[in-house]
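Have a look at the structure that comes next, please.
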Amino acid sequence: MVLERQLRCLIAAGGTAGHVLPALAVAEELRSRSVHVTFAGSPDRVEAQLVPDAGYELDTFRVTGLPRRPSPALVNAALLAGRAPLVCARILRRRRPDIVLGAGGYVAGPMVYAAWRQRIPAALTESDAHLGLANRLAARFARRIFLAYDLPDRYGAKYRVVGRPIPEQARPWDRLAARAQLGLPADGPVLLIAGARAGATALNELAVEAFGTVGPPVLHVSGERDYELLRRRVSRPDYRLVPVLDGLGAAYGACDLAIMRSGSTVWELAAAGLPAILVPYPFATADHQTLNARHFERGGGAIVVPETELGRVPELARSLLDDPDRLGLMAERMRALAKPDAARVIAEELIELGSP
């Protein structure tokens, strides 16, 4: 009797939690289907903590983005970029995966290229409404590219529009349980304000200025950077200020409206059916956060406010919280835009690509 060899997948993802957490969601789907999963990433970025904490092995190598101006940093980045495929090739020879997934960050491209050189099938994920430079360079070496958005210049059998994988910690909780856990009032509307994992200073300042002393109950996830400066400016018990949460699932379940940036976490809002006022980060590459936000605004689940018009946000939030019928309609539209099964779809296609 011949024993069937366990399928192996290597996932290269890093740089930000917005890359790593969705990759972990795909890994969980793969592991539930008896696939052996390992990760590759940087030794000093967020994946160095998140991946081992989730119970996966992590091989590390160094690579960074290329600065746009001539400098010593540019020379160092170029040297790392040239060396990275060689290091990736050694990792692949040791791990012997059947399939490779480049799931975002500068680490993805060299690994997908190294897989192509070794004739290992590879795939990429893109979580924004703009194909980033690293993915554009690596696209020719991938057999499948999983897109969060329908991109007009990317079509054909190689491309699949699947949405963005939702981490388990971002799945919305039951409302009463979430509010009890977070110390929020059981009744009435609650406003969520949150930036990226590090925080968003503009949104943090807006929140405490507009709602720190009076207003609706607020759950404000500030990030650790600004937390100490902010907490002294909040003076009411139903304004719940926390630096971080272990996933935003409880926050999504507890709240009726969100004020947030529009990185890849907008897909979590959609899966939770949570209406949003989206304030795109104005310096995002190719303005991709505005492109992301406009998708959900066109679908009726969100309102986009440029950072230059941030002063409009408090009154807009109050008017929405006072209009439950409009919030209910926006919630329905958000759920209609959601693609909650993205992780499962990606995992199943990876298994198909990697199977003999």
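I need the peptides 180-186, 44-50 ranked by packing, meaning the mean over residues of other C-beta atoms within 10 angstrom, with the highest value on top.
44-50, 180-186
May I ask you to compute the full-extension gain from Leu310 to Arg5, defined as 0.36 nm times their residue separation minus their alpha-carbon distance, rounded to one decimal in nm?
Result for the pair: 104.2 nm of gain on full extension.
Something else now. Over all directions, how big on average is the projection of the convex hull of the alpha-carbon atoms in region 220-356, in square nanometres?
10.7 nm²
Identify, among Ala170, Ala115, Gly105, the residue whose Cα sits farthest towards the positive end of the charge dipole of region 80-222, taking +1 on the Cβ of Lys and Arg and -1 on the Cβ of Asp and Glu, with the dipole about the Cα centre.
Positive-most Cα among the choices belongs to Ala115.
Follow-up. What is the set of long-range amide H partners of Leu257 at a cut-off below 5 Å, with H atoms built 1.01 Å from backbone N?
Correct list: Val190, Leu192.
Among bridges DSSP assigns within the chain, what percent are antiparallel (round to 5)?
So the antiparallel bridges in the chain amount to around 0 percent.
Another one. For region 286-330, what does the convex hull of the Cα positions come to per residue, in cubic angstrom?
Residue-normalised Cα hull volume stands at 59 Å³.
Using the Cα atoms of region 144-231, I'd like the radius of gyration and the largest Cα-Cα distance, Dmax, both in angstrom.
Cα only, region 144-231: 18.3, 55 Å (Rg, Dmax).
Is it possible to state the helix-based mean residue ellipticity at 222 nm for the chain, with each DSSP H run of 4+ residues giving -39500 (n - 2.57), the sum divided by total residues, to the nearest 500 deg cm²/dmol? What is it?
Here the helix-only value at 222 nm equals -12500 deg cm²/dmol.
Please work out how much length the chain gains when fully extended from Glu228 to Glu57, using 0.36 nm per residue of separation minus the C-alpha to C-alpha distance, in nm with one decimal.
58.1 nm
Further, regarding this structure: Amide H neighbours of Gly41 under 5 Å, at least 5 residues apart or on other chains, H built in the peptide plane: list them.
Excluding prolines and chain starts, which carry no amide H, the hits are Asp59, Thr60, Phe61.
Okay, moving on. Ignoring ligands, DNA and RNA, what percent of the accessible area of the chain is carbon or sulfur (1.4 Å)?
52 percent
Between Ser235 and Arg33, what's the calculated FRET efficiency when r is the beta-carbon distance and R0 is 35 Å? Round to 0.05.
Once the sixth-power term is evaluated, E becomes 0.10.
Between the helical axis of 324-337 and the dominant principal axis of the chain, each derived from Cα atoms, what acute angle in degrees is found, rounded to the nearest 10?
10 degrees
Another question, then. So what is the relative contact order of the chain, in percent, for Cα pairs below 8 Å that sit 6 or more residues apart?
15 percent
Related question: Report the extension gain between Thr201 and Arg298 in nm, rounded to one decimal, defined as 0.36 nm multiplied by the number of residues separating them, less their alpha carbon distance.
Separation in residues times 0.36 nm, less the Cα-Cα distance, equals 32.2 nm.
How many nm is it between the label spots at Arg117 and Ala177, if each spot is 7 Å from the Cα in line with the beta carbon?
4.8 nm
Enumerate the calculated ³J(HN,Hα) couplings along region 272-282 in order (Karplus 6.51 cos²θ - 1.76 cosθ + 1.60, θ = phi - 60°), each rounded to whole Hz, writing x wherever the residue is Gly or Pro.
My calculation for region 272-282 gives 7, x, 9, x, 8, 9, 9, 10, x, 5, x Hz in order.
Heavy-atom accessible area per residue, region 222-331, 1.4 Å probe: how many Å²?
I get 42 Å² per residue for region 222-331.
Still on this model: Once phi is turned into θ = phi - 60°, what whole-Hz ³J(HN,Hα) does the Karplus curve with 6.51, -1.76 and 1.60 give for every residue of region 40-54, x standing for Gly and Pro?
With the stated coefficients, region 40-54 comes to 10, x, 7, x, 10, 10, 4, 5, 5, 9, 5, 5, x, 4, 7 Hz.
Points 7 angstrom from Cα along the Cβ direction at Thr213 and Glu332: gap in nanometres?
4.1 nm
With everything on Cα atoms, drop me the angle between helix 108-117 and the longest principal axis of the chain, reported from 0 to 90° to the nearest 10.
Rounded to the nearest ten degrees, it is 20.
Where Rh is the Kirkwood radius over the Cα pairs of region 219-298, the temperature 4 °C and the viscosity 1.567 mPa s, what D in µm²/s does Stokes-Einstein return?
In µm²/s, the coefficient is 93.
While we're on this one: Pairing the Cα long axis of helix 201-211 with the longest principal axis of the chain, what angle in degrees results, from 0 to 90 and rounded to the nearest 10?
20 degrees
Over the Cα atoms of the chain, how large are the radius of gyration and the largest Cα-Cα distance (Dmax), in Å?
Cα-based Rg and Dmax for the chain come out at 21.0, 72 Å.
The values are calculated or read from the model by the stated rules, or taken from the named source; none is laboratory data. What you are looking at is a predicted structure, and each value in this text was computed from that prediction instead of being measured. Note that each Cβ is placed from the backbone with ideal geometry, even for glycine, and that neighbours are counted across all protein chains shown. These accessible areas exclude ligands, DNA and RNA; they are computed on the full protein's heavy atoms, side chains included. Shrake-Rupley method; radii C 1.70, N 1.55, O 1.52, S 1.80 Å.
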